[in-house]
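**Student:** My questions will all concern the structure given below.
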Amino acid sequence: MSNGVSKRDYYDVLGVSRSASDTDIKSAYRKLAMQHHPDRNPGDAAAEESFKEAAEAYAVLADSDKRSAYDRFGHAGVRGAASGGFDPSVFTGFEDILGNLFGFGDMFGGGRRRGGPQPGADLRYELEITFEESAHGAETAIQIQRQEHCETCHGAGSAPGSSTATCPQCRGAGQVRFQQGFFTVARTCPQCRGAGKVITKPCTTCRGAGRVAKDRKITVKIPAGIANGQGLRIQGEGEPGFAGGPAGHLYVVVQVHEHAFFRREGLNLFCEIPVNFTTLALGGEMQVPTLDGAETVKVHEGTETGTTMRLKGKGMPDVNGRGRGDLFATVQVQTPKKLTKEQRQVLEQLKKALPAEGFEPRTHDGDTQSERNLFDRVKDMFG
Ligand SMILES: [Zn+2]
Ligand SMILES: [Zn+2]
């Protein structure tokens with residue numbers, strides 16, 4: 001260090017005597033490291049200095065060669081070792097270790113405890129429904145395959161009557177401890193996965209897994225108004241949890257079939273209604289199909305083809321029960337394909353009575369209108 005202040009004696013820094021054993025040095029350092037660790041003293045520069053100082057002292061005194069050089073020559077004897085502040089290798093895995101000791105696993109973004117309760121897996125099911133079912137709601141039974149607790153062994157994995165044995169690797173602790181640097185680190189036992197016990201005779205039904213695949217029928221209530229791609233979460237109908245953890249959820253994703261003549265957009269419905277030229281010209285009534293049956297709608301005299309009528313509240317119901325959309329019915333003139341003799345005569349007479357066609361080109365706002373999507377036009381009309 002180049003600040004000119006004489007360095008503190010390493011033994012003083014750790015608060016141990018010159019004859020301290022390796023164990024004393026280690027435990028003294030561990031105590032100081034915990035006390036001054038930057039993660040426990042955020043923004044405290046003095047604590048950070050103390051932390052680095054202790055680390056530097058430990059890096060020298062924990063190494064027998066460096067310690068004897070220090071004992072004989074003081075700081076000059078270990079300048080190489082101490083010039084970089086301290087040996088960074090000492091800190092390999094340090095945060096892991098703190099996490100284990102203090103239960104800070106989540107703070108350090110990892111090291112989540114294993115072997116404790118864990119939620120079961122979520123399941124996904126794609127359900128195809130008709131347009132009418134999406135409009136009115138439905139109740140349907142679906143069949144899924146999922147893992148369930150084995151009934152033979154009640155999820156324990158042991159054959160009935162056989163007993164479990166204490167895990168030989170961890171001796172029942174569920175954890176194994178090993179040395180990492182100068183710390184003892186605990187990890188979930190890989191053999192028993194934290195249970196502390198191992199199966200001596202596996203259950204023949206589940207082969208020791210404690211769970212088996214089962215087909216289940218589940219009743220699904222589809223709310224009226226559900227749209228293509230929307231889903232339902234059925235709480236707790238996923239796979240069972242581990243070690244007492246909660247079951248996962250079942251997600252039912254709905255695919256709605258297309259309707260023969262209704263198109264859905266948001267909560268609104270769109271359709272086209274073929275109407276005779278005479279009804280449009282003279283006025284009258286037309287039948288508009290809706291989700292609740294046909295509606296009779298008045299047609300005004302002189303209605304043009306392409307005119308859209310709005311039937312308020314005849315669209316799709318909101319899936320959360322907040323009202324309904326509208327139905328937009330667009331009139332399409334229907335040209336008769338086969339005429340009787342009588343009909344032909346009447347039409348010939350009408351033709352003579354009407355003014356000649358084609359003398360005045362149509363000048364609507366934009367001549368590409370007819371090529372535009374019907375639904376876009378209707379949306380423009382009604383905002
Ligand atoms: Zn079993
Ligand atoms: Zn074990």
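Values in this text are rule-based calculations from the coordinates and carry no lab data. This one's a predicted model, so the numbers in the text were calculated from it and none came from an experiment. Cβ coordinates were reconstructed from backbone atoms using ideal geometry, including for glycine residues, and neighbour counts include every protein chain displayed.
**Student:** I need Leu61, Leu291 ordered by Cβ neighbour count within 10 Å, fewest first.
**Tutor:** The most exposed by this proxy come first: Leu291, Leu61.
**Student:** Let me ask something else about it. If you average 1/r over every pair of different alpha-carbon atoms in the range 190-322 and take one over that average, what Kirkwood value in Å do you get?
**Tutor:** Computed over the range 190-322, the radius equals 20.6 Å.
**Student:** Please identify every one of the GluC sites (Glu not before Pro) in the range 128-211 that sits in a loop by DSSP and has no more than 15 other beta carbons within 10 Å of its own beta carbon.
**Tutor:** Qualifying residues, ordered by number: Glu151.
**Student:** Continuing with this model, one more query. Suppose R0 equals 56 Å; then what is the FRET efficiency for Lys338 and Ala121 from their Cβ-Cβ distance, rounded to the nearest 0.05?
**Tutor:** Efficiency for this residue pair is about 0.35.
**Student:** Applying the Karplus parametrisation 6.51 cos²θ - 1.76 cosθ + 1.60 with θ = phi - 60° to the phi angles of the range 50-66, what ³J(HN,Hα) value in whole Hz is obtained for each residue in order, glycine and proline being reported as x?
**Tutor:** 4, 4, 5, 5, 5, 5, 5, 4, 5, 4, 7, 6, 7, 9, 4, 5, 5
**Student:** Could you rank the peptides 219-225, 193-199 by their average count of other C-beta atoms within 10 Å per residue, with the highest value first? Don't skip to the end; give the middle numbers.
**Tutor:** Working: 219-225: 16.4, 193-199: 18.1.
Order by mean packing, descending: 193-199, 219-225.
**Student:** Follow-up question, since we're still on this one. What residues have an amide H closer than 5 Å to that of Gly236, excluding those fewer than 5 places away on the same chain, when H is modeled at 1.01 Å from N in the peptide plane?
**Tutor:** His249, Leu250
**Student:** Just tell me which lysines come within less than 18 Å, Cα to Cα, of Lys338; anything on the same chain fewer than 8 places away is out.
**Tutor:** Of all the lysines, those that pass the test against Lys338 - Cα under 18 Å, at least 8 places apart if same chain - are Lys351.
**Student:** When the Karplus curve 6.51 cos²θ - 1.76 cosθ + 1.60 is applied with θ = phi - 60°, which whole-Hz ³J(HN,Hα) does each residue of the range 271-278 get, with x for Gly and Pro?
**Tutor:** Karplus values, whole Hz, x for Gly and Pro: 8, 10, 10, x, 10, 5, 4, 5.
**Student:** Spin-label point model (7 Å from Cα, Cβ direction): what's the Ala186 to Gln143 distance in nm?
**Tutor:** About 4.8 nm separates the two model spin labels.
**Student:** Let me check I've understood the local charge: for Ala247, count other residues with C-beta under 9 angstrom from its C-beta, Lys and Arg +1, Asp and Glu -1. What total comes out?
**Tutor:** Details: positive: none; negative: Glu237, Glu239.
Taking every Cβ under 9 Å from that of Ala247, the sum is -2.
**Student:** Just rank Leu311, Leu354, Leu14, fewest to most, by other beta-carbon atoms within 10 angstrom.
**Tutor:** Lowest to highest Cβ neighbour count: Leu354, Leu311, Leu14.
**Student:** Another question, if that's okay. Which GluC sites (Glu not before Pro) does the range 262-362 hold that lie in a coil by DSSP with at most 12 other beta carbons within 10 Å?
**Tutor:** For GluC sites (Glu not before Pro) across the range 262-362 that sit outside H, G, I, E and B with at most 12 neighbouring Cβ atoms in 10 Å, the list reads Glu301, Glu304, Glu357.
**Student:** Next up: Neighbour counts of other C-beta atoms within 10 Å: give me Asp24, Asp292 arranged from fewest to most.
**Tutor:** The order, fewest Cβ neighbours first, is Asp292, Asp24.
**Student:** List every residue whose amide H lies under 5 Å from the amide H of Leu127, counting only residues 5 or more places away in sequence or on a different chain, with H placed 1.01 Å from N in the peptide plane.
**Tutor:** The list, which skips near neighbours in sequence, is Val253, Val254, Gln255.
**Student:** Continuing with the same structure: Can you spot the lysines whose alpha carbon is less than 19 Å from Lys197's alpha carbon? Ignore those fewer than 8 places along the same chain.
**Tutor:** none
**Student:** Along Cα→Cβ, 7 Å out, is where each label goes; now give me the distance between the ones at Glu132 and Ala243 in nm to one decimal.
**Tutor:** 5.3
**Student:** Can you flag which of Lys7/Lys52; Lys26/Lys66; Lys26/Lys52; Lys298/Lys341; Lys298/Lys337 are past 22 Å Cα-Cα?
**Tutor:** From Lys7/Lys52; Lys26/Lys66; Lys26/Lys52; Lys298/Lys341; Lys298/Lys337, over 22 Å: Lys298/Lys341; Lys298/Lys337.
**Student:** Relative to the Cα centre, what is the charge dipole magnitude of the range 125-195, using +1 at the beta carbon of each Lys and Arg, -1 at the beta carbon of each Asp and Glu, and rounding to the nearest 20 debye?
**Tutor:** Computed charge dipole of the range 125-195: roughly 1120 debye.
**Student:** To continue, here is another question. Quick one: 3J(HN,Hα) in Hz for the range 234-241, Karplus 6.51/-1.76/1.60 with θ = phi - 60°, rounded, Gly and Pro as x.
**Tutor:** Listing the rounded values in order: 9, 4, x, 9, x, 7, x, x Hz.
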